[in-house]
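Take a look at the structure below.
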Amino acid sequence: MKLGLALRELHRSEKSLAKDLLKVSDRHKAEHEIHHVARNLAAWSADHIRGLATAARRYDVELDADVPESSGPLASIRTAISALSSSRPEPGLLLLADLRRLHRKAAGVSLDWELLAQGAQAAKDTELVELTRRCHPQTLRQMKWTNAMLKTLSPQIIAS
Amino acid sequence: MGVRDGIGTPWGTRTPYGPGQRWPVRVDSHLADGVAPDEVDTWVRTAAVLHSNGDGMDLAVKDGRLVGVRGRADDRVNHGRLDPKDLFGWQANNSPDRLTTPLVRDGQGELVESTWDEAMGRIVERSKALLDDQGPSALGFYTSGQLFAEEYYTLAAIAHGAIGTNHVDGNTRLCTATAAEALKESFGCDGQPASYSDVDHADVIALFGHNAAETQAVLWSRVLDRLAGPNPPALLCVDPRDTMVARAAAIHLAPLPGTNMALMNGLLHEIIEHDWVDHDYITQHTVGYEELVQQVTDYPPERVAPICGVPAGQIRDAARLLGQAQRLLCTVLQGFYQSHQATAAAVQVNNLNLIRGMLGKPGAGVLQMNGQPTAQNTRECGADGDLTGFRNWANDAHVAELARLWNIEQGQIPHYAPPTHVMQMLRYAENGTMRLLWVSATNPAVSLPELTRVRSILGQDRLFLVVQDAFRTETAELADVILPAAIWGEKTGTFTNADRTVHLSEKAVDPPGQARSDLDIWLDYARRMDFRDKDGEQFPPWSEPESAFEAWKKASEGRPCDYSGLSYDKLRAVSGVQWPCNADNPDGTERLYANGKFYAQPDYCESYGRDLITGAPLEPTEYRAMNPDGKAIIKAAEYLPPNETATDDFPFMLITGRTIYHFHTRTKTGRAPQLHHAAPEVWVEISAADAEHLGIAEGDLTQVRTPRGQVHARARICGIRERVLFLPFHYGYWDTEDPAGRDGHRAANELTLTDWDPASKQPLFKTAAAAVTRLTAGDGPSPAPTTTASAPIGTDVPDTQGDATTQVTERNADPAGAAR
């Protein structure tokens, strides 16, 4: 039974995604939609992390339910840099790179949910299946969002 | 025949009527002092342009000047009635400070009088240089909700077709973007489902964040007349302010700003729990119901009550009223559209009517309202960035159709991403990648959020700012080129109100000085730029209003907003026709979606929709899989707390809004003496409990603060919800000593935050954390009107009333005898 392993791996990747969403939010404070929506999406990941921590107990796996509430000690520096460079075009390319990275990270999380869901079904753990049903669609929406923002913002950044 | 004070009694004398009866006619008229009705040279047909109601009216002309107005008895919208802005707002046309010549910046940076050749030459030179250097992405257009369909269509053709920029939006983004988006989400397409005449039939009317008494005063008169008649409807009001609507309502819910989504989920929870649901309608005509059932399970009234600050019992009572209505009419406006989770919450109102099967029948429907008079045309014609004629930018066949219509290459029309909304355009101007912005008939330096930021962006040297307006607005003060525009009454064209009623507005008088219509200005630009179609013919090919209208008719043919059955002649014969008007519906269409037929088929729909939380557009394949048969779409969403919530330092929630006496930034209404005197200066509304706690008395000067800035306003102690402040957004700086407002403390938008709904991209004006403190004692009551939502609690405040110049004649008559 390797469900514990799958839970641990997903917990790690969700946590990393949550932190990156907050980081991108701070780093692009001047891009208001990115700033606000990324925080809402980080809250989804935080919710997933709590759900995983609860589920893991049944498999004797100790996962912390703590969720990142800020992007770390550099948060205020990130937002200050964003504010200072708001009149320059250069952060545009950084934003595209960040969205691309977020998308790939969310894709990894999505695959982890896929694995967990498959394993939970095989193990007939209905509670865990229910958790994946609730959370995985939100991961897919995180992916669609990064893709959509990339699609919407890139023409101006690249053509200017 | 009677006479009323048009300021002190904004809704006039009651003409009661019962359900299913025809709303009686009451013709309101007002002429300038000293002008008798028999001295009027001509009466010229038009409709109201200072709100979205579309009241049909005639302009009185004497010696080549406007001298008054009269409601049209035969008009389907107002049956003769006029509101205060209709009655007095026309005087702005005659204002001595109209712009009469173009202005350009001289070598010292001062705005100086110029010629059309010089001004247009500068715009053309800069446009060509930017197109050479960067391409279409360097140019943006920000227009209005006050121009005519012919003008918006021309702008859309030039921006999307000739130039090929994706940066086109209207100030409708601030007022009706969420109406459009909510309709697209639920019905696959923009287009108002219901009709004002549904007020005649409804037994329950629910107004969600819609202060109809002030935003659509004549429609409110219609409701008041129902309330005064036999078997009146019951009203539900959702609004944190004690509006006239709230006072007339059977149930008034006053949720904390930013919590509409929780409230709607709570109401839907109760309706589903009690099975006040039309299951046949849901099965036959909708998709997505199960998702809604699942979502609202988490929102019992006990959970919602503490979020919204509304007692659970009230939520239950409201749900029962909605759930047991036989003919339910729901209306929605800024209380939802400009608040947190705007689209998600507005969509839940659509869901309410869908699951109750209350659509497309007399008295049963949804009115997702508009704020501005011609907002509907901004949306239809594509001047809000959408593709002309409710075409779908993500559907290549629709783009190809438009390219054929314009006889240009398909790749010329930008359709690689959603259109750029104004807040994003501002961001592109901020980071220097959009370098020319052409603003027409609107005033972003007062109306957009976070004004310090807006002024710093619009005032940049590297941004070439063109302002096309009738007056020297706060935005014009920042311009590189100012173009003087002719306005309503000085040009001919059509426009469409919030219930799809199309009116013709004819030229009554000549514009002042060298002012030209927006249509003429844009066509002149197109000729000077030498835009050509695929065959080398000049583009756009039309040259004056009627040929532009004929071209627009062709563009709309076969689309939901079908104008093909209309003509100027027909609109001269009938006062107000509702689209679609075509061969099948030669007299127009009162209600959309009768028999549960929608415009939502994957190949036909205007939009594939968006994720209500993230705003990400759905891919065509996703939509096709979800809704292959083009049914209505029930979309659910969870409640999220607002992005800015009250704190110890900023313990209030600030909302901004309108008063009945003013429109937008007072550019016109501030120049009509009667309207100006009724509401001459900014005020702040505060509850009695909060005022007492802070030692604030009626009329005291206060400072309202947010992290963005401060506003000085005199306090009106009124029935607003505790811990909520209200500021009217109309007041800017053109009539102060600092007309550009560089250090201003008057405009409400000094305080608002830069944040918008991810789905509709509408900025949030009703979710900011704020603080208020007393500065000095007042020398009398606050200048706020007493007739409306700002009515004082104290009785020692003198009533808002007019004088000898505000007399309005009321004449009751049936349409046949109403003639004149």
Percent breakdown of C-alpha pair distances by 5 Å bin, ordered from the shortest bin, for region B:243-385: 2, 9, 17, 22, 22, 14, 8, 5, 1, 0
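So what is the calculated 222 nm ellipticity per residue for chain B, using -39500 (n - 2.57) for each DSSP H run with n of 4 or more, over all residues, to the nearest 500 deg cm²/dmol?
-7500 deg cm²/dmol
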Region B:611-628: which residues show an accessible-area loss of 50 Å² or more, assembly versus chain alone, 1.4 Å probe? B:THR614
Pull out a ≥ b ≥ c, the square roots of the eigenvalues of the alpha-carbon gyration tensor of chain B, then state rounded if a/c is under 1.5, prolate if not and a/b is larger than b/c, and oblate in the remaining case. rounded
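Translational diffusion coefficient of region B:331-481 at 10 °C, 1.306 mPa s, Stokes-Einstein with Kirkwood Rh over Cα pairs, in µm²/s as a whole number. The partial results should precede the final answer.
Details: Rh = 18.4 Å.
Calculated translational D: 87 µm²/s.
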Probe 1.4 Å, all chains present, heavy atoms only: B:LYS570 accessible area in Å², nearest 10, is 50 Å²
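Measuring with a 1.4 Å probe in the full set of protein chains, what accessible area per residue, in whole Å², belongs to the protein assembly as shown? Can you show the working numbers first?
Values: 32180 Å² over 980 residues.
For the protein assembly as shown, the solvent-accessible area averages 33 Å² per residue.
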With only Lys, Arg, Asp and Glu charged, each at its Cβ (+1 for the first two, -1 for the last two), find how big the charge dipole of region B:487-558 is about the Cα centre; round to the nearest 20 debye. 140 debye
Using the Cα centre of region A:3-159 as origin and beta-carbon charges of +1 (Lys, Arg) and -1 (Asp, Glu), tell me which of A:ALA55, A:ALA120, A:LEU17 is placed farthest towards the positive end of the dipole. A:LEU17
Checked against a 31 Å limit on the C-alpha separation, the offending pairs among B:LYS570/B:LYS597; B:LYS361/B:LYS491; A:LYS144/B:LYS128 are B:LYS361/B:LYS491; A:LYS144/B:LYS128
Apply the Karplus parameterisation 6.51 cos²θ - 1.76 cosθ + 1.60, with θ equal to phi minus 60°, to every residue of region A:14-26 and state each ³J(HN,Hα) to the nearest whole Hz, in sequence, with x for glycine and proline. 5, 5, 5, 5, 4, 5, 5, 4, 5, 4, 5, 4, 5
Please give the charge dipole size of region B:684-820, origin at the Cα centre, charges +1 on K and R Cβ atoms and -1 on D and E Cβ atoms. Round to the nearest 20 debye. 440 debye
Interface A/B, total buried accessible area with a 1.4 Å probe, nearest 100 Å²? 2500 Å²
Taking the convex hull of the alpha-carbon atoms of region B:1-121 and averaging its shadow over every direction gives an area in square nanometres of 11.5 nm²
So what is the diffusion coefficient of region A:3-159 in µm² per second by Stokes-Einstein at 25 °C and 0.890 mPa s, using a Kirkwood Rh over Cα pairs? 151 µm²/s
log₁₀ of I(q)/I(0) at q = 0.16, 0.22 Å⁻¹ - region B:449-559, Debye sum with one point per alpha carbon: -0.99, -1.19
Counting only protein heavy atoms with a 1.4 Å probe and every protein chain in place, the carbon and sulfur fraction of the accessible surface of the protein assembly as shown in whole percent equals 50 percent
Classified through the alpha carbon gyration tensor (a ≥ b ≥ c as square roots of its eigenvalues; rounded if a/c is under 1.5, else prolate when a/b is larger than b/c, else oblate), region B:551-688 comes out oblate
Of the beta bridges DSSP finds with both residues in the protein assembly as shown, what % are antiparallel, to the nearest 5? 55 percent
Probe 1.4 Å, all protein chains present, accessible-area order of A:THR152, B:THR647, B:THR665, largest first: B:THR647, A:THR152, B:THR665
Return the FRET efficiency for the residue pair B:VAL35, B:ALA573: r is the Cβ-Cβ distance, R0 is 35 Å, and the value is rounded to the nearest 0.05. 0.80
When only the heavy atoms of the protein chains count and the probe is 1.4 Å, how do B:LEU405, B:LEU267 rank by accessible area, highest first? B:LEU405, B:LEU267
What is the log10 of I(q)/I(0) for region B:652-805, computed with the Debye formula using one identical point scatterer on each Cα and no solvent, at q = 0.20 Å⁻¹? -1.34
Hey, what do the phi angles of region B:275-283 turn into as Karplus ³J(HN,Hα) couplings, whole Hz, using 6.51/-1.76/1.60 and θ = phi - 60°, x for Gly and Pro? 6, 7, 10, 8, 5, 4, 4, 4, 5
With the cut-off at 24 Å, report for region B:617-738 the share of all Cα pairs above it, as a whole percent. 48 percent
Can you compute 3J(HN,Hα) from phi for each residue in region B:38-53, using the Karplus curve 6.51 cos²θ - 1.76 cosθ + 1.60 with θ = phi - 60°, rounded to whole Hz and x for Gly and Pro? 7, 8, 5, 6, 9, 10, 10, 6, 7, 8, 5, 10, 10, 5, 8, 6
In nm², the average projected area of the convex hull spanned by the Cα atoms of the protein assembly as shown is 37.9 nm²
Quick one: accessible surface of B:GLU291, probe radius 1.4 Å, all protein chains present, in square angstrom to the nearest 10. 100 Å²
Heavy atoms of the protein only, probe of 1.4 Å, neighbouring chains included. What is the accessible area of B:ILE251 in Å², nearest 10? 30 Å²
When the Cα centres of region B:375-409 and region B:658-730 are compared, how far apart do they sit, in Å? 41 Å
20 Å reach of a label modelled at B:LYS554, 7 Å along Cα-to-Cβ, counting backbone N of region B:361-382: B:380-382
Scaled radius of gyration (Cα, divided by 2.2 N^0.38 Å) that region B:127-176 gives: 1.22
Once Lys and Arg get +1 and Asp and Glu get -1 on their Cβ, which of B:PRO680, B:TRP756, B:GLY744 lies farthest toward the positive end of the dipole of region B:680-772? B:TRP756
How big is the Cα convex hull of region B:120-238 in projection, averaged over all directions, in nm²? 10.3 nm²
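The values are calculated or read from the model by the stated rules, or taken from the named source; none is laboratory data. Owing to the predicted nature of the structure, the values given are computational and were not obtained by experimental measurement. Neighbour counts are summed over all protein chains in view; Cβ atoms, including those assigned to glycine, are modelled from backbone coordinates with ideal geometry. With ligands, DNA and RNA removed, areas are computed over all heavy atoms of the protein, side chains included. Shrake-Rupley method; radii C 1.70, N 1.55, O 1.52, S 1.80 Å.
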